[in-house]
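Since the structure comes first, as structure tokens, the remarks are kept for the end.
The values are calculated or read from the model by the stated rules, or taken from the named source; none is laboratory data. A quick note: this is a predicted structure, and the numbers were derived from the prediction, not measured. Positions of Cβ are generated from backbone atoms using ideal geometry, with glycine treated the same way; all protein chains shown enter the neighbour counts. Note: accessible area is taken over every heavy atom of the protein model, side chains too, but ligands, DNA and RNA are not part of it. Shrake-Rupley method; radii C 1.70, N 1.55, O 1.52, S 1.80 Å.
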Amino acid sequence: MQDLDLGPKASENEVGALLIEAPGEKTLQDNKDHFVKRGHVGVMCLRCAAAALFTLQLNAPSGGAGHRTGVRGGGPLTTLVIKDQSGDLWSDLWLNVAERSVLFAPAAASSKTEPHLTFPWTAEIAILQKKGGNLAPVQVHPAHVYWAMPRRLRLEIEESEGTHCDICEEKSSVIVRRYRTVNYGLNYKGAWDHPLSPYYETKEGWLPVHPKAGELGYRHWSGWVSGMTEGTRKLRRARILDSVFSYRERQAGVQLRLWAFGYDMDNMKARSWCEATVPLYDLAESDPQAQRLVQSEVAMWLGAAEFAAYALRTAIASAWFRLEARGNLTQADAGFWGRSERGFYVQLKKLIDAARQELDPQLMVLRGAWHRVIVDTATHLFDEEFAGAGQVERENPRRIATAYARLRGDLYGGKIRKLLGLPEAPGSRSADDPKRTAA
């Protein structure tokens with residue numbers, strides 16, 4: 001994944017700059033490398049340099065004029081199927097290697113057999129892309145997405161007498177201290193579709209999902225695992241899951257999980273690394289009809305949870321602030337999704353077990369149980385950790401009581417019950433009705 005024909009205009013960089021979280025040139029010039037300091041990585045062994053190189057090409061963030069992003073943009077979300085109790089890295093990765101007949105249309109692959117159409121470093125960049133041009137999926141082999149090379153760089157390899165690597169701290173006789181680079185690498189444009197990423201629909205077409213710190217977890221289970229259509233929002237799962245779910249015999253007797261991960265990027269700045277694993281509970285062993293039942297049911301549960309989280313934020317804001325005041329309530333959001341996660345998976349396992357065994361899943365019972373989980377979570381957070389946790393002399397009891405009554409009205413009202421497909425409780429009113437009562 002190195003350009004072997006950089007030319008005389010290539011600039012030289014310290015090898016530590018390969019790391020995505022390393023401070024950029026402008027940050028160093030302005031002396032703003034406060035949290036991630038310069039100079040911590042000056043030497044890498046070949047293994048660590050190769051890993052850093054591959055990670056940069058895979059996640060390439062925007063890095064100034066001509067420094068391209070990858071086929072999925074900067075910092076994409078990747079989802080892999082892994083074993084629940086993994087024995088080794090290879091067996092996990094092998095689950096995510098799909099047959100060519102599943103991933104690639106035969107016509108698209110058969111006419112693109114030249115090595116450089118899959119492995120772009122085996123030829124000069126001008127053969128793949130004209131100066132000032134771009135690269136579309138139809139111009140290369142479909143497997144090119146695994147080996148995209150948006151950055152033009154080359155490692156400078158040195159022999160050493162047992163120098164320690166600054167990453168793994170192992171001694172190595174072959175090291176890398178610097179690399180050379182030029183801008184204007186492969187410019188990926190068009191309908192690229194990476195098998196390991198979920199995509200969402202926009203007016204411009206399908207775009208890959210990018211992670212945001214604090215947002216990975218069960219709230220995305222339906223979109224990551226089954227895809228989702230909610231009003232105008234459409235999300236489809238990574239294509240590798242189609243392969244895993246279609247070839248169930250490969251996973252016979254093995255519990256599977258979904259591992260989602262990626263960088264939360266702000267242009268060229270890595271704000272955080274995000275990852276989460278979610279269980280699949282033998283969903284891959286279910287027939288398509290059972291999978292559709294689980295998908296539609298979970299979508300209802302998550303819709304109700306979204307509404308409960310909104311109601312909690314609104315109630316806390318009303319308890320804390322005057323009408324015109326505003327505050328940051330991300331901690332309340334994170335608390336709600338974190339506290340309700342275990343309850344979600346308890347109900348989800350019951351649903352999938354029943355659907356897989358073609359038993360009556362007793363949907364109303366499961367919906368009622370999930371309703372109790374989100375009600376208990378929201379009211380506990382409001383009363384014990386946010387609105388009711390401060391010093392009494394600094395609180396406004398009337399405002400808190402009013403906000404609490406509103407929260408309970410929302411959590412037991414007609415709107416949330418409608419989202420869950422539950423019958424309306426006697427005496428309850430719509431959450432949009434200003435005269436609603438708290439049940």
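Tabulated data for the structure shown
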quantity: Restricting the range 148-218 to trypsin sites (Lys or Arg not before Pro) in coil, as DSSP defines it, with at most 15 other Cβ within 10 Å; calculated: Lys189, Lys203, Lys212
quantity: Amide H partners (placed H, <5 Å) of Lys234, local residues excluded; calculated: Glu201
quantity: Cβ-defined net charge surrounding Asn183, 9 Å radius [Lys, Arg +1; Asp, Glu -1]; calculated: +3
quantity: For the chain: accessible area per residue (Å², 1.4 Å); calculated: 54 Å²
quantity: Alpha carbon Rg of the range 65-206, scaled by the compact-globule rule 2.2 N^0.38 Å; calculated: 1.27
quantity: Computed over the range 222-315, the ratio Rg/Rh where both radii use C-alpha atoms and Rh is Kirkwood; calculated: 1.04
quantity: Neighbour cut-off at most 15 other Cβ (10 Å), DSSP loop, trypsin sites (Lys or Arg not before Pro), the range 285-363; calculated: Arg322, Arg326
quantity: The chain: calculated mean residue ellipticity at 222 nm from DSSP helix runs of at least 4, using -39500 (n - 2.57); calculated: -10500 deg cm²/dmol
quantity: Heavy-atom accessible surface of the chain: percent carbon and sulfur, 1.4 Å; calculated: 51 percent
quantity: Long pairs among Lys131/Lys189; Lys9/Lys189; Lys130/Lys189; Lys212/Lys234; Lys212/Lys415, criterion Cα-Cα beyond 24 Å; calculated: Lys9/Lys189; Lys212/Lys415
quantity: Cut-off of 10 Å, at most 16 other beta carbons, DSSP loop: longest stretch of the chain lacking such GluC sites (Glu not before Pro); calculated: 216-323
quantity: More than 15 Å apart - percent of Cα-Cα pairs taken over the range 62-145; calculated: 70 percent
quantity: Spin-label model distance (nm) - Thr229 vs Asn396, 7 Å beyond Cα toward Cβ; calculated: 4.6 nm
quantity: Ser91 versus Arg342: modelled label distance in nm, points set 7 Å from Cα along the beta carbon direction; calculated: 2.9 nm
quantity: Computed accessible area, Thr377, all protein chains, 1.4 angstrom probe, square angstrom; calculated: 20 Å²
